[in-house]
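Here is the structure we will look at, set down as structure tokens.
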Amino acid sequence: MNKVTLALILFSFIFLPACFSTGTSNQAANSQPTVEETFAVPNSDINLTKPLEISRQPKDVARCEKINQTIEQSDLANARWGVIAVSLKDGRIVCGRDERKLFNPASIQKVLTAIVALDKLGADYRWRTSVYAAKAIENGILDGDLTIYGRGAPDFDGDGLENLVAQMQAKGLKQIKGNIIGDESFFKGDGFGDGWTWNDLQWYYGAEASALTFKQNEADVYMQDGVPVASSDYLQIQNDLQPKQADKSEGYGIKRGLGDNQIYIWGSDDQASGRMAVHNPPLWTAKTLKESLEKKGIIVEGAVRSVDWKARNKLVVENAVELAAVESVTLAEIVQRMNKRSVNIYAELLLRTLGKQFGEFAPDEIRQMQEVRGDDAAGAAVIKKFLRENKVAVDEIQIHDGSGLSRLDFVTPEAFARALVYAAQSKFSDVLINSLPIAATDGTLGGRLGKAKGKIYAKTGTITFVNSLAGYAQTPENEVLTFAIISNNVTKKSGGANVVDAIAVSFTEPIEPLSKEKQGK
């Protein structure tokens, strides 16, 4: 166990959830192999309005028997397992194990979020981030507050902010007689997912989803000249880290307050690091904007503030003057970044965007909640309605966030397999499929599934006691399967990935039909 892992265990208990991002560049995201370079997903015409039937073909029966043996002979036989594989050739269920039972899916939930977003918003959808004021700039002076207003752009960062400043400079801005305000009021509701555990919230993968998200609302803690520092002075560090001592074991802890940006570090070590969630990202954005303006020689007389949907003095866009604006990359690229590296905050912003755009057409199950629910709850209702109307899932499923970090999400393996069938038959099929990590090639599968390199495109999922995988696999007969593998109640230290991988690899390996004697058993 390395030192960083020990530190994280102090607050994450068993192991760090893999509903997370490790970062990816535009160049890296755009240089990955395409579906055509590995295996081709066939044009299928599976009628999802009809029940999917379990195959009795000898090879399918043998493959499913092998999968069941893999589970039963592992040290994870006592966990709950749901498995399904569906042929895109004819819609038969090649293998099913509790495929219609409900499971907590973890991060494969992002597949459902991506499919609904691509279908309803379109692959070319972009988010706009704007700077507003009550008046136009006159003689280099802005008389009043300057508001930076977010609409949920997942990729807004320092470059975008500098672009906004450059646009205002080009309009002659030299002085602001007012405050700098970070406004996240575009989204109504909670920034945290329903059903997230409190000890996830301090880490980058538990960052709050804000309409004014900045640098994915995360910052780094690392050692510099023997002292822990943060990548942004918006975080304040209290350091009680003691030098490493030869007669004591190494270990350190990092804790951020739930409602502040105070970072407390303690233990006995000469190293400490962590990727921390930033609380109140709109205020951080406003602070950074003010500093950037002042570095360019623009005088700012006021302070920095933030407002959300509850504020009475929030901006009325229709009555304001837009001084500058930037647009995000396309939804297609956001989905690729999200799925390749499992970026939770991207999924949560997609969920809230869906709720904001289409929530009025997806009534809440509890009628009284319709008018008061947040855009996160509305987005969950949009996804659930979509899955029901397109015969992907039944009403019993529960969706409470977009990323799969929630412990309140419950979906069947069959729903994932059907959703992937729907995606394969859609106009955005290439976008969705190419967004998935490729076995032993890239993303969260870069170091996994070596025996099936290039033959599996799939989304990974890991939170404490849950391990999952869902996507597409190519059989030795060049048949493409949609599949989902979900394990719950995995309490062994192995975490379940080894068994999940063994099942997935078996889809890509030759299989001999069972003898007639074994088929009869």
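The values are calculated or read from the model by the stated rules, or taken from the named source; none is laboratory data. Everything numeric in this text was worked out from a predicted model, so none of it was measured. Every residue, glycine among them, receives a Cβ derived from its backbone with ideal geometry; neighbour counts consider all protein chains shown.
Does the range 155-162 include one or more residues that are assigned by TED's automatic domain parsing to the domain that holds ALA286, crowded, with 18+ Cβ neighbours inside 10 Å, among the aliphatic types (A, V, I, L, M) and touching a strand residue (DSSP E or B) at 6+ places or on another chain (Cβ under 7 Å)?
Looking through the range 155-162, none of the residues is assigned by TED's automatic domain parsing to the domain that holds ALA286, crowded, with 18+ Cβ neighbours inside 10 Å, among the aliphatic types (A, V, I, L, M) and touching a strand residue (DSSP E or B) at 6+ places or on another chain (Cβ under 7 Å).
Would you pick out the residues in the range 241-267 that are over 16 Å from VAL229 (Cα atoms), of a type in the set (Gly, Ala, Ser) and within 34 Å of the chain's Cα centre (by Cα)?
Once the filter is applied, which keeps residues that are over 16 Å from VAL229 (Cα atoms), of a type in the set (Gly, Ala, Ser) and within 34 Å of the chain's Cα centre (by Cα), the range 241-267 yields GLY251, GLY257, GLY259.
If you take the residues in the range 262-279 that are surrounded by 21 or more Cβ atoms within 10 Å (Cβ to Cβ) and assigned to a loop (DSSP other than H, G, I, E, B), which one is modelled with the lowest pLDDT?
ASP269
Conditions first: (1) part of a loop (DSSP other than H, G, I, E, B); (2) under 19 Å from ARG418 (Cβ atoms); (3) touching a helix residue (DSSP H, G or I) at 6+ places or on another chain (Cβ under 8 Å). ARG126 passes all but one, so which condition is the exception?
Looking at each condition in turn, ARG126 falls short on (2).
Would you check which residues across the range 448-487 are closer than 16 Å to ALA419 by Cα and charged (D, E, K, R) and list them?
Pass one, the range 448-487, residues closer than 16 Å to ALA419 by Cα: 457-460, 468-473, 480-486.
Result: LYS459, single match.
Kindly indicate whether any position in the range 112-124 is closer than 30 Å to ALA484 by Cα, crowded, with 16+ Cβ neighbours inside 10 Å and of a type in the set (S, T, N, Q).
yes
Which one of the conditions (1) under 20 Å from GLY495 (Cβ atoms); (2) surrounded by 23 or more Cβ atoms within 10 Å (Cβ to Cβ); (3) β-branched (Val, Ile, Thr) does THR70 fail to meet, given that it meets all the rest?
(2)
Condition first: under 30 Å from LYS215 (Cα atoms), at pLDDT 75 or above and in a helix (DSSP H, G or I). Can you find one or more residues in the range 66-81 that meet it?
no
Out of everything in the range 318-371 that is among the β-branched types (Val, Ile, Thr) and part of a strand (DSSP E or B), what residue ends up being farthest from the chain's Cα centre (by Cα)?
VAL321
Do any residues in the range 38-62 that are over 21 Å from GLY471 (Cβ atoms) and in the same structural domain as PRO510 (by TED's automatic domain parsing) have Cβ atoms under 7 Å from those of residues that are among the basic types (Lys, Arg) and part of a loop (DSSP other than H, G, I, E, B), where the two are at least six apart or on different chains, and which pairs are they?
Partner pairs satisfying both residue conditions: THR49/LYS391; GLU53/ARG92.
For the structure I just gave you, tell me whether ALA62 is more than 22 Å from ILE456 (Cα to Cα) and part of a helix (DSSP H, G or I).
So ALA62 fails the test.
Please pick out the residue among ALA303, ALA219, ALA286, ALA211 that is modelled with pLDDT of 95 or more and more than 22 Å from ALA133 (Cβ to Cβ).
Criteria check complete, one pass: ALA219.
When you look at PHE465, is it of a type in the set (Phe, Trp, Tyr) and over 30 Å from THR49 (Cβ atoms), yes or no? Walk me through it before giving the result.
Numbers: of a type in the set (Phe, Trp, Tyr): yes; over 30 Å from THR49 (Cβ atoms): yes.
In short, yes.
Applying the selection to the range 375-403, what residues are small (Gly, Ala, Ser) and part of a helix (DSSP H, G or I)? So that I can check it myself, show each step before the final result.
So in the range 375-403, the residues small (Gly, Ala, Ser) come out as 377-381, 393, 402-403.
Residues satisfying the conditions are ALA377, ALA378, GLY379, ALA380, ALA381.
Look at VAL94 and say whether it is of a type outside the set (Phe, Trp, Tyr), in contact with a Leu (Cβ under 8 Å, 6 or more places away or on another chain) and either at pLDDT below 95 or in a strand (DSSP E or B) (or both).
Yes: the conditions hold for VAL94.
For the range 405-521, which helices (runs of 4 or more DSSP H) that fit wholly inside it have 3 or more residues that are within 23 Å of the chain's Cα centre (by Cα) and touching a residue at least 40 places away in the same chain (Cβ under 8 Å)?
Result: 413-424, 429-435, 497-506.
Kindly check whether there is at least one residue in the range 281-302 that is surrounded by fewer than 21 Cβ atoms within 10 Å (Cβ to Cβ), in a strand (DSSP E or B) and of a type in the set (Val, Ile, Thr).
yes
So VAL317 passes all but one of these: (1) within 25 Å of PRO282 (Cα to Cα); (2) of a type in the set (A, V, I, L, M); (3) in contact with a Ser or Thr (Cβ under 9 Å, 6 or more places away or on another chain); (4) surrounded by 21 or more Cβ atoms within 10 Å (Cβ to Cβ). Which condition number does it fail?
(4)
Read through the list (1) outside any helix (DSSP H, G or I); (2) at pLDDT 90 or above, then give the number of the only condition that LEU16 fails.
The one condition LEU16 does not meet is (2).
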